[in-house]
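A.B. asks: Below is the structure I would like to discuss, written out as structure tokens.
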Amino acid sequence: MAKKTNTEKQEKITIPLVLSFEKKLVPSNGYMFGTTWDKRNNIGEPLKIVEEAKLGTKSSANETAVAEANPQRVDNCSLKFDQDTLQLQFTLKILSGIEKPSICSTPAFLKAYKDIVNNYIEKEGFRELAKRYATNIANGRFLWRNRVGAENI
């Protein structure tokens, strides 16, 4: 009888039907201040939120829907004319436990996932991931709706 190779001994791992993770990065509420670049090291003036009324478009394409108004109330916040710098203050809590999902319906997948993640953590640590998060936080990439070009700010 021939010996089974390692690949033949391994159980086929299927993607679980239920796989859930809890967030591991928990930001606080952000506080926005307006200032000038020369005074950026001091706390600026808190930005005011203003509620505005706008007319939106209806999503349906029939003629009666186009003729009807779609009023909406939105919040707006902007720097004053004499301000050129936005300050944002918040905290970021980093939680442990990335190596285990909160729910996994397939024990073989759970074991394989834990092994792979623990192996990665042991060999690589979180240097690259931390660098990427820090870069995106420092350049404020998350503040921009249109993120194209935010890396250059």
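A.B. asks: Six or more apart or on different chains, Cβ atoms under 6 Å: show the pairs whose first residue is in region 122-142 and touching a residue at least 24 places away in the same chain (Cβ under 8 Å) and closer than 19 Å to L88 by Cα and whose second is aliphatic (A, V, I, L, M) and surrounded by 11 or more Cβ atoms within 10 Å (Cβ to Cβ).
C.D. replies: Taking only residues 6 or more apart or on different chains, not a single pair turns up.
A.B. asks: Please enumerate the residues belonging to region 42-58 that are under 16 Å from F81 (Cα atoms) and of a type in the set (K, R).
C.D. replies: Within region 42-58, just K48 meets the criteria.
A.B. asks: Can you find, within region 117-143, the residue that is least open to solvent (accessible area, probe 1.4 Å) among those that are among the β-branched types (V, I, T) and more than 30 Å from Y31 (Cβ to Cβ)?
C.D. replies: So the residue we want is V117.
A.B. asks: Turning to a different aspect of this structure: Filter region 31-56 down to residues that are among the hydrophobic types (A, V, I, L, M, F, W, C) and part of a strand (DSSP E or B) and give me whichever is nearest to L88 (Cα to Cα).
C.D. replies: The qualifying residue nearest to L88 (Cα to Cα) is M32.
A.B. asks: Please verify whether region 137-146 includes one or more residues that are assigned to a helix (DSSP H, G or I), among the hydrophobic types (A, V, I, L, M, F, W, C) and modelled with pLDDT of 85 or more.
C.D. replies: yes
A.B. asks: Restricting the search to region 14-29, which residues are surrounded by 12 or more Cβ atoms within 10 Å (Cβ to Cβ) and not in a strand (DSSP E or B)?
C.D. replies: Correct list: P16, F21, E22.
A.B. asks: Within region 79-93, is there a residue that is open to solvent by 100 Å² or more (accessible area, probe 1.4 Å), within 24 Å of K24 (Cβ to Cβ) and touching a strand residue (DSSP E or B) at 6+ places or on another chain (Cβ under 7 Å)?
C.D. replies: yes
A.B. asks: If we scan region 58-67, do we find a residue that is at pLDDT below 90, open to solvent by less than 70 Å² (accessible area, probe 1.4 Å), of a type in the set (A, V, I, L, M, F, W, C) and in a strand (DSSP E or B)?
C.D. replies: No.
A.B. asks: Something else: Report, by residue number, each residue of region 102-116 that is surrounded by 11 or more Cβ atoms within 10 Å (Cβ to Cβ) and under 16 Å from L25 (Cβ atoms).
C.D. replies: none
A.B. asks: Any residue at all in region 105-115 that's part of a loop (DSSP other than H, G, I, E, B) and at pLDDT 90 or above?
C.D. replies: yes
A.B. asks: If you check F81 against the conditions, is it under 18 Å from the mean Cα position of the chain (by Cα) and closer than 30 Å to V50 by Cβ?
C.D. replies: No: the conditions fail for F81.
The values are calculated or read from the model by the stated rules, or taken from the named source; none is laboratory data. Because the structure is predicted, anything quoted here is derived from the model rather than measured. Cβ: placed from backbone, ideal geometry, glycine included. Neighbour counts: every protein chain shown. Protein only, heavy atoms only, side chains kept; ligands, DNA and RNA dropped before computing areas. Shrake-Rupley method; radii C 1.70, N 1.55, O 1.52, S 1.80 Å.
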